[in-house]
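Reading through the structure tokens given below for one structure.
The values are calculated or read from the model by the stated rules, or taken from the named source; none is laboratory data. Owing to the predicted nature of the structure, the values given are computational and were not obtained by experimental measurement. Positions of Cβ are generated from backbone atoms using ideal geometry, with glycine treated the same way; all protein chains shown enter the neighbour counts. The accessibility values were calculated without ligands, DNA or RNA, using every heavy atom of the protein model including side chains. Shrake-Rupley method; radii C 1.70, N 1.55, O 1.52, S 1.80 Å.
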Amino acid sequence: MPFNSLAPQLSRLGPGLVLSIAATGLAFAIHAVFPAVPAMTLAVALGLLSANIPGTAVLTAGRARPGLDFAGKHLMRAGIVLLGLKVSMGDVLGLGWVALLLIAGVVLVSFAGTYGLARLLRLPREAALLIATGFSICGASAIGAMAAVRRIRHQDTVLPVALVTLCGTLAIGVLPLLMHPLGLSPEQFGAWTGASVHDVGQVVATAQTAGASALAIAVVVKLTRVVLLAPIAATAGLHQRILHVRERATGAAGMESRFPPIVPLFVVGFLALVAVRSLGWAPPVALEIAAAVQDILLATALFGLGSAVRIRTLIHTGGRAVLVALGSWLLIASLGLGAALIMIR
């Protein structure tokens, strides 16, 4: 891109990107002092504050908005690609076929149950789909992938991301309190956490309260759910392609002439990096650097998304969505607990 065309872009995106990066630095600084609170959760919380404090609300809604939207969309996709380097198919297959079927069952039933509940409470189809995807698979990353596949507007991802992040944060506080009353071993607690908590960072924050053995199995179970992002996104993409063909055949007005992708390029990138990690082609130092970069990208994206949430609007329009989110949270927690007790006796 020539400099004379790049300069206006930097001028337009710069304020929002600088604000996002600064907020991300603050989120990681707070996380360093309070390790139990994930940086991703802090990034969303800071975004919410910036959107609702009079001094910064004007900035996030005005001059900084283009850069914040860019972060929420494009940096999120870059973070999803790097997430692939955390997934080793050897670790996933090491769980055994019974565990894999149980985890897949938890994802599919929680997806269907959440979608059904959302439609029962008359949420729009797009919101229902995004909430179901985020709660059943891997939080904000899954929402970003599904939105791209289904060509859902970036603005419509804001509320689902806020809800899945807030409910994941709720799990960090609630699940450890239930470990001993439920009589769970550290390994069972870890499997429960991995099967039911949404974001990878939230899984780590929750499972580490029960020790190293709980954390180890929680991460593997969680990343097994992450692997399911690709086939579910591909299925949604295929369905969108079929709908597009039908619309073209009936001459529906206002439709795009270009076919939507079955699998977006960034999901292909995610799968490619899963293969790189599984084949052992990435040295440990590269994995560590990629993990750090991925955390920064996702935190920056989450701040951008959080900065679009106006509490007043959320109260007026998000009541039913909050009920769906809490219902989904209880559903996946119950399913995950049952799967954990079967996996680890």
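Couple of notes before you dig in:
- Region 164-181 and region 272-314 have Cα centres lying 22 Å from one another.
- Taking 0.36 nm per residue of separation and subtracting the Cα-Cα distance, full extension of the segment from Leu101 to Leu178 would add 25.2 nm.
- Two-decimal Rg/Rh across region 93-245, once Rg and the Kirkwood Rh are taken from alpha-carbon atoms: 1.00
- Region 269-345 has equivalent-ellipsoid semi-axes of 33, 25, 9 Å, by the square roots of 5 times the alpha carbon gyration tensor eigenvalues, sorted largest first.
- Ellipsoid equivalent to the chain - semi-axes via the Cα gyration tensor, in Å: 30, 24, 22
- Here the chain is assigned +1 on the Cβ of each Lys and Arg and -1 on the Cβ of each Asp and Glu. Its dipole about the Cα centre then comes out at about 960 debye.
- Gyration tensor over alpha-carbon atoms, region 1-104, equivalent ellipsoid semi-axes in Å: 35, 21, 12
- Neighbourhood net charge (14 Å Cβ-Cβ; Lys/Arg +1, Asp/Glu -1) for Val220: +2
- Using the Cβ-Cβ distance between Leu323 and Val109 with R0 set to 22 Å, the FRET efficiency from 1/(1 + (r/R0)^6) comes to roughly 0.70.
- The residue among Ala29, Phe189, Thr41 whose Cα reaches farthest toward the positive pole of the charge dipole of the chain, with charges on the beta-carbon of Lys, Arg, Asp and Glu, is Thr41.
- Counted residue by residue at 0.36 nm each, then reduced by the alpha carbon distance between them, the extension gain from Leu265 to Gln155 reaches 37.5 nm.
- Simple label model, 7 Å out from Cα along Cβ direction - Ala275 to Ile342, nm: 3.3
- Å² of accessible area per residue within region 6-147, as computed with a 1.4 Å probe and no ligands counted: 43
- Extension gain for Leu26 to Leu93 (0.36 nm times residue separation, less C-alpha to C-alpha distance): 20.3 nm.
- Enclosing the Cα atoms of region 167-217 in their convex hull gives a volume equal to 59 cubic angstrom per residue.
- Its residues counted as N, region 198-243 yields a C-alpha radius of gyration over 2.2 N^0.38 Å of 1.59.
- Over the chain: helical MRE at 222 nm, DSSP H runs n ≥ 4 each giving -39500 (n - 2.57), nearest 500: -25000 deg cm²/dmol
- With Cα atoms defining each centre, region 72-121 and region 7-47 are spaced 26 Å apart in the structure.
- In nm, spacing of pseudo-spin labels at Ala61 and Arg122 (7 Å Cα→C-beta vector): 2.8
- Carbon and sulfur %, accessible surface of region 67-138 computed with the full protein complex present, 1.4 Å: 69
- In order through region 276-285: 3J(HN,Hα) via Karplus (6.51 cos²θ - 1.76 cosθ + 1.60), integer Hz, x for Gly, Pro: 4, 5, 5, 7, x, 7, 9, x, x, 5
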